[in-house]
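The values are calculated or read from the model by the stated rules, or taken from the named source; none is laboratory data. Quick caveat: nothing in here was measured; it's all calculated off a predicted structure. Every residue, glycine among them, receives a Cβ derived from its backbone with ideal geometry; neighbour counts consider all protein chains shown. The accessibility values were calculated without ligands, DNA or RNA, using every heavy atom of the protein model including side chains. Shrake-Rupley method; radii C 1.70, N 1.55, O 1.52, S 1.80 Å.
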Amino acid sequence: MRPDVEELIYAVLDEADCIDDLIDAVREQREAMRERDNDAVNALMDESRDIFFDAQSHETIRNELARKLAAKYSCEPKASSLASVMTEDEKHKFNGAADRLTQSVFVLKSEMMILTGLIDQHEKYTSMLLSEWRRLNGDKLSQSGSADFRG
């Protein structure tokens, strides 16, 4: 296998691994939210942010390697175009890596949609609770401008 093709395949797999780590962190975060473990949620948010930056770095590396390979073989830096200039063995490994990356991105998008839905649902529930609280208290605020929780 040519070294530049092998390097691109490893870059694609590294990015997929990183995205898989992000998926795991998001799932753990959702579970920690369910368990109301604020410390774990905060720690996982920090971990997710770090993994996200790593994923961006891997994506930059992958894009750069794809552009270099495309320039070297006079093709476009797209998976299908790059695969067309590869040997059968290279193409098989590259397509497998590209499929894995595509699947990881799809799962991450699904997880993010679930998380967004939960956040929206939480926001609506909180708004309803505040509205009901205001209704029950006649929208009274203390002189300091904060809510008055005295009986």
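A straight chain from residue 110 to residue 64 at 0.36 nm per residue would run longer than the Cα-Cα distance by 13.8 nm.
Using C-alpha pairs under 8 Å with a sequence gap of at least 6, the mean separation divided by the residue count of the range 51-109 gives a relative contact order of 18 percent. Ordering 126, 29, 79 by Cα displacement along the dipole of the chain toward the positive end leaves 126 in first place; charges were set at the Cβ atoms of Lys, Arg (+1) and Asp, Glu (-1). So with the 1.4 Å probe, I'd like the accessible area per residue for the chain, rounded to whole Å². About 70 Å² of surface per residue is accessible.
When shorter helices are ignored and each DSSP H run of at least 4 residues is given -39500 (n - 2.57), the per-residue value for the chain at 222 nm works out to -29000 deg cm²/dmol. Summarising the overall dimensions of the chain from its C-alpha atoms, the Rg and Dmax are 23.8, 78 angstrom. Split the accessible area of the chain by element, probe 1.4 Å, and carbon with sulfur accounts for 53%. Loop-located chymotrypsin sites (Phe, Trp or Tyr not before Pro) across the range 9-65 with a Cβ neighbour count of 13 or fewer within 10 Å are lacking, with loop assigned by DSSP. Take every Cα pair under 8 Å whose residues are at least 6 apart in sequence, average their separation, divide by the length of the range 1-144, and the relative contact order is 32 percent.
If you place +1 on the Cβ of every Lys and Arg, -1 on the Cβ of every Asp and Glu, and leave all else neutral, what size is the dipole of the chain about its Cα centre, to the nearest 20 Debye? Rounded to the nearest 20 debye, it is 740 debye.
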